[in-house]
Structures are given as C-alpha cells and as structure tokens.
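Notes for the one structure printed next.
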Amino acid sequence: MFCTKCGAENPEGARFCAKCGAPLQAGVPAPAAAAPLVAPIAAAEYAGFWRRLLAYIIDGFILGAAGWVLFVIAGSVFLVFGPAAVAIYVLTWPLGWLYFALMESSKYQGTLGKMALGIIVTDMEGRRISFGRATGRYFAKIISAIIIYIGFLMIAFTERKQGLHDMIADCLVVMKN
C-alpha cells in the first residue's frame, strides 16, 4: 500500500501513512515513476484541543469517583492498622495509569471520556496501540505537564493535533469513523 501524498510504502491495512501521517486509501496501486503524486482526497480528522480537554475532564470525574470509593474503603480499613494516607496513595496511584493504558490499548482505543466524544488513540498507521505504548504515552504526560503544560497546549498548534506526549509515544488522536 502506497501513500498518495508522499509515495511512501506502508503495511497492508494501515489507515495512516507512517512517513507523513496522511490517511491511506485501500487498493491504491504503486505510483508510476514518472507520474506525479496525487493529493489525498480527504485529510484525517484529528481530535482538537477542546474536545480532548473535555474527554480528560470526563475521565477525571470517573477516576475521582473511583478514587473516592477506594478512599472510603481503604480509609476505614487502614485507619485502624496504620497511616491511612500512605495506604490510600499506594492503592489509588496505579488506578489512573491502568485506566488510561488498559482502555487506550483495548479494542475501544480510548477511555470512557474519549468514547463519549467519539475519539480514539491510534499509532501513526491508524492501528490500535499496545499496552506498552499506552503506558509510555501515559507517563509522557508527566513531561507535558511539568513544562508548564506546554506539552498539552501543543495540541492546539500542531498540524496533526499532537501533544508532546503523543509525539513521544508516536500516537495520533483522531475522530472515530
């Protein structure tokens, strides 16, 4: 399969070009050597900053509710046996990581917030990402945040609406077809 924008060869079944990120069309033959490349018919619809922020807010409410339940359970159990705050932190810290990594690497390709807004996370070819890549993307958000959230603001200004964490993990966030 060849990209109609840049001519790069891509694996069969890929939705986006590995080289330039343009959407691919199934059954496009290899370009002739002398023929000029044809521009793609339709550009991929990348999920923008505000839609992604709203999805993140929805996920925050979901994680907050789950954390509150764990807080009540762990607080009542560990209050008797030791410092409740440490136990609660140990129990709730992996909650966010597992929520994002498991959901984004699942067949749904997104968290509940992303699903509610019709967006998915893909690799650069438009395929589902692995749990390892989703984990890397989750922890790369720390870098996006510690540089005064500029890594997140990049979503509003980059061509493919990628934040720094998306670039680090080689991911795209696109509208679900």
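FYI, it's all coordinate maths here, none of it is from the lab. Only a predicted model underlies this, so the values are computations on that prediction, with no experimental measurement involved. So basically every Cβ, Gly included, is an ideal-geometry build from the backbone, and we count neighbours across all protein chains shown.
Extent of the range 117-177 along its three principal axes (Cα atoms, max minus min coordinate, largest first): 32, 25, 20 Å.
Fully extended, how many nm does the chain gain between Met175 and Trp68 (0.36 nm per residue separation, minus their Cα-Cα distance)? Before the final figure, lay out each step's value.
Numbers: separation 107, 0.36 × 107 = 38.52 nm, distance 3.13 nm.
Stretched out fully, the Met175 to Trp68 stretch lengthens by 35.4 nm.
Listed by chain and number, the aspartates and glutamates whose C-alpha is less than 15 Å from the C-alpha of Lys19, apart from same-chain residues fewer than 8 away, are Glu9, Asp123, Glu125, Glu159, Asp170. Using a Förster distance of 22 angstrom, determine the FRET efficiency expected from the C-beta separation of Thr158 and Met115, and round it to 0.05. Result of the calculation: an efficiency of 0.40.
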